[in-house]
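Here is the structure we will look at, set down as structure tokens.
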């Protein structure tokens, strides 16, 4: 089977997340970058394409030009899918246009700027039948998949309680006023949407809860904070959770927690046992048992479920991390595209989808609504 041909929207030279996507897409040798519209500036876009060693005629000034011209190419030359790695406000339009022109899509989170856009995009995916993946990359870690398998197979018993946190400190000062690009768009409602930390890291925490437990978050009560001078979007928050099976939970998110780097952690407590995972030590899954000793799982170790084993790429004891987790999303997405090209049966869908994108937007909107009403409970 040939390599899949990827087009990229956003992520020009100097972009952190664009480089992450390109590296992750290449790890398993299934995907090659063939074209791109890398910047809102046509000049910068074309220059980025050249620096990435793309032919000049596949370096486009706008995403509209890219999708239109790629669609005119012979089937054996045109891109197979687009990766959208722009700020939030530029997710919906290129995703919609790509899907409606017959291209599959992989997109950064949160999926859209607004909930209405998310619902519309979900309808477009259903109508076109194209594959849509959302890069909630933390679900790609082997030990997160092991945690999910333990829950799915009933080893923890009925889930009773969840604690999740995502703590950062990089916005503890007003770095957006220094011209820091990553900060400036994240604190701008026109580019980020109605959620600040909620959209940037809160959706990761929300998605991780629902992915590992297999349960929907049914209701939330949110107390959000805005500490940065001149900011209008939340940069801190504490949220109570009620899950659909009656389990309770807490979520703490912050981007102003001085000293924190990328402290994403989750604990899931069941009737018979519990699991604990920390993103900053991703190769360990700690489990506690009602009638047994503490057990620590590691990638390629003993007693792993297939869903975790198949995600590990290197021998035990070698660290796997952020890029590999992204690559897991790309690999699952690529496997399904290959199956479609071969005319094979049902897709495996081992990655977050447009549905997860809608769930994330409902979470953002619900938290903002709850906070405006003195932390009242809001149903998702």
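The values are calculated or read from the model by the stated rules, or taken from the named source; none is laboratory data. It should be emphasised that the depicted structure is a prediction, and the values quoted were computed from it without experimental measurement. Cβ atoms come from the backbone with ideal geometry, glycine included; neighbour counts cover every protein chain shown.
Only residues that are surrounded by fewer than 17 Cβ atoms within 10 Å (Cβ to Cβ) and assigned to a loop (DSSP other than H, G, I, E, B): list them for region 282-292, please.
284, 290, 291
Go through (1) surrounded by fewer than 23 Cβ atoms within 10 Å (Cβ to Cβ); (2) in contact with a helix residue (DSSP H, G or I) (Cβ under 9 Å, 6 or more places away or on another chain) and name the single condition residue 153 misses.
With (1) surrounded by fewer than 23 Cβ atoms within 10 Å (Cβ to Cβ); (2) in contact with a helix residue (DSSP H, G or I) (Cβ under 9 Å, 6 or more places away or on another chain) applied to residue 153, the lone miss is (2).
From the list 163, 146, pick out the single residue that is farther than 25 Å from residue 312 by Cβ, at pLDDT 95 or above, over 18 Å from the mean Cα position of the chain (by Cα) and outside any loop (DSSP other than H, G, I, E, B).
163
Those residues that are closer than 19 Å to residue 265 by Cβ and out of contact with any strand residue (DSSP E or B) (no Cβ under 9 Å at 6 or more places or on another chain), I need them from region 127-147; list them, please.
Those that are closer than 19 Å to residue 265 by Cβ and out of contact with any strand residue (DSSP E or B) (no Cβ under 9 Å at 6 or more places or on another chain): 136, 137, 139, 140, 145.
For region 40-57, does any single residue satisfy the condition of being part of a helix (DSSP H, G or I) and farther than 29 Å from residue 185 by Cα?
Checked against the condition, which is being part of a helix (DSSP H, G or I) and farther than 29 Å from residue 185 by Cα, region 40-57 yields at least one hit.
The rows are residues; the columns are (1) surrounded by 18 or more Cβ atoms within 10 Å (Cβ to Cβ); (2) outside the structural domain of residue 246 (by TED's automatic domain parsing); (3) over 25 Å from residue 192 (Cβ atoms); (4) in contact (Cβ under 8 Å) with a residue 24 or more places away in the chain.
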{"position": "271", "(1), (2), (3), (4)": "no, no, yes, yes"}
{"position": "294", "(1), (2), (3), (4)": "no, no, yes, no"}
{"position": "338", "(1), (2), (3), (4)": "no, yes, yes, yes"}
{"position": "341", "(1), (2), (3), (4)": "no, yes, yes, yes"}
{"position": "369", "(1), (2), (3), (4)": "no, no, no, no"}
{"position": "374", "(1), (2), (3), (4)": "no, no, no, no"}
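Which of the residues spanning region 199-220 are part of a helix (DSSP H, G or I) and either on the phi > 0 side of the Ramachandran plot or in contact with a helix residue (DSSP H, G or I) (Cβ under 8 Å, 6 or more places away or on another chain) (or both)?
199, 200, 202, 203, 204, 206, 207, 208, 210, 211, 212, 213, listed by residue number.
Let me confirm something: among 324, 320, 369, which residue is assigned to a helix (DSSP H, G or I) and within 18 Å of the chain's Cα centre (by Cα)?
Criteria check complete, one pass: 324.
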